[in-house]
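**Student:** Before anything else, here's the structure in question.
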Amino acid sequence: MELKTKRLVLRTITKDDVQDLISGLNNINVSRNLALVPFPYTQEDAIWWINKCSEEEKKKPRTDYNFSIEHFVDKRIIGSVDLSHVDEFNGTATLGYWLNEKYWKQGIMTEAVERLLEYAFQEIGLRRINVSAFVENDGSNALIKKMGFDEEGKRNKAVKSKADGKIHDEFIYGLLKINWKRKIIL
């Protein structure tokens with residue numbers, strides 16, 4: 001499955017993407033902001049993730065949609081966006097993402113998340129997306145607010161980062177389909 005934007009292809013990850021995953025995630029500046037990504041990030045970690053994504057694609061109904069972010073120009077995987085804990089009955093899912101540090105502050109994640117939200121609300125038919133970010137992750141918190149998510153609270157000492165072992169407070173956010181539609185109209 002592929003979703004396209006102006007500069008990106010959001011697509012299924014393959015075994016050919018191992019080195020790109022390692023290149024992007026074997027960076028403490030990236031992995032320390034992610035709960036479940038180890039540091040160092042090895043070939044074994046990348047293969048495990050690719051196999052997990054492949055298994056998730058076969059599930060009916062799907063509970064996870066994982067998309068690699070491929071840059072049109074570079075033709076490399078530079079990050080990923082995903083919907084996890086997809087609950088079609090309740091119409092909810094949780095958003096997650098990461099981006100290779102070389103591509104930060106270029107609007108790439110904004111572009112990828114906008115397309116994934118469109119897919120979630122229009123094609124899957126969800127009514128609410130949840131997302132959280134470590135309190136100190138200014139870039140991620142800014143992106144989430146830019147996308148129209150409402151801050152719904154803070155969980156103290158809620159998540160331990162696998163990369164550095166630190167325990168983090170996190171902000172929690174939600175976006176309703178009705179509010180997303182209003183954002184698009186404006």
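The values are calculated or read from the model by the stated rules, or taken from the named source; none is laboratory data. Owing to the predicted nature of the structure, the values given are computational and were not obtained by experimental measurement. As a convention, Cβ positions derive from the backbone with ideal geometry for all residues, glycine included, and neighbour counts pool all protein chains shown. The accessibility values were calculated without ligands, DNA or RNA, using every heavy atom of the protein model including side chains. Shrake-Rupley method; radii C 1.70, N 1.55, O 1.52, S 1.80 Å.
**Student:** Would you be able to say whether some residue in segment 113-124 is without any contact (Cβ under 8 Å) to a residue 60 or more places away in the chain, among the basic types (Lys, Arg) and surrounded by 14 or more Cβ atoms within 10 Å (Cβ to Cβ)?
**Tutor:** No, there is no match, as no residue in segment 113-124 is without any contact (Cβ under 8 Å) to a residue 60 or more places away in the chain, among the basic types (Lys, Arg) and surrounded by 14 or more Cβ atoms within 10 Å (Cβ to Cβ).
**Student:** Suppose we filter Ile78, Ile108 for residues that are touching a His at 6+ places or on another chain (Cβ under 6 Å) and of a type outside the set (Ser, Thr, Tyr); which single one remains? If you could, list the steps in order and put the result at the bottom.
**Tutor:** Details: Ile108 fails: touching a His at 6+ places or on another chain (Cβ under 6 Å).
It is Ile78.
**Student:** Taking segment 1-21 as the search range and keeping residues that are open to solvent by 100 Å² or more (accessible area, probe 1.4 Å) and among the acidic types (Asp, Glu), which one is farthest from Tyr65 (Cα to Cα)?
**Tutor:** Asp16
Condition check ((1) over 15 Å from the mean Cα position of the chain (by Cα); (2) assigned to a strand (DSSP E or B)) across all residues:
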site: Phe67; (1), (2): no, yes
site: Trp98; (1), (2): no, yes
site: Glu114; (1), (2): no, no
site: Gly148; (1), (2): yes, no
site: Asp169; (1), (2): yes, yes
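**Student:** Another one. Restricting attention to segment 135-167, which residues are without any contact (Cβ under 8 Å) to a residue 60 or more places away in the chain and farther than 24 Å from Thr110 by Cα?
**Tutor:** Here is the first cut: in segment 135-167, the residues without any contact (Cβ under 8 Å) to a residue 60 or more places away in the chain are 135-136, 138-139, 141-158, 165, 167.
Within segment 135-167, Arg155, Asn156, Lys157, Ala158, Gly165, Ile167 qualify.
**Student:** What's the total number of residues in segment 125-142 that are open to solvent by 20 Å² or more (accessible area, probe 1.4 Å) and assigned to a helix (DSSP H, G or I)? Explain how you work it out, then say what you get.
**Tutor:** At the first step, the residues of segment 125-142 found to be open to solvent by 20 Å² or more (accessible area, probe 1.4 Å) are 125, 127-128, 130, 132, 135-139, 142.
This time we only want the ones that are assigned to a helix (DSSP H, G or I), so: 138-139, 142.
Final tally of qualifying residues: 3.
**Student:** Would you tally the residues in segment 163-186 being in contact with a helix residue (DSSP H, G or I) (Cβ under 8 Å, 6 or more places away or on another chain), under 22 Å from Gly79 (Cα atoms) and not hydrophobic (A, V, I, L, M, F, W, C)?
**Tutor:** 2
**Student:** Considering only segment 159-174, state which residues are open to solvent by less than 100 Å² (accessible area, probe 1.4 Å) and under 13 Å from Leu34 (Cα atoms). Quick ask: steps written out before the conclusion?
**Tutor:** Here is the first cut: in segment 159-174, the ones open to solvent by less than 100 Å² (accessible area, probe 1.4 Å) are 159, 161, 163-165, 168-174.
Selection gives Val159, Ser161, Ala163, Asp164, Gly165, His168, Asp169, Glu170.
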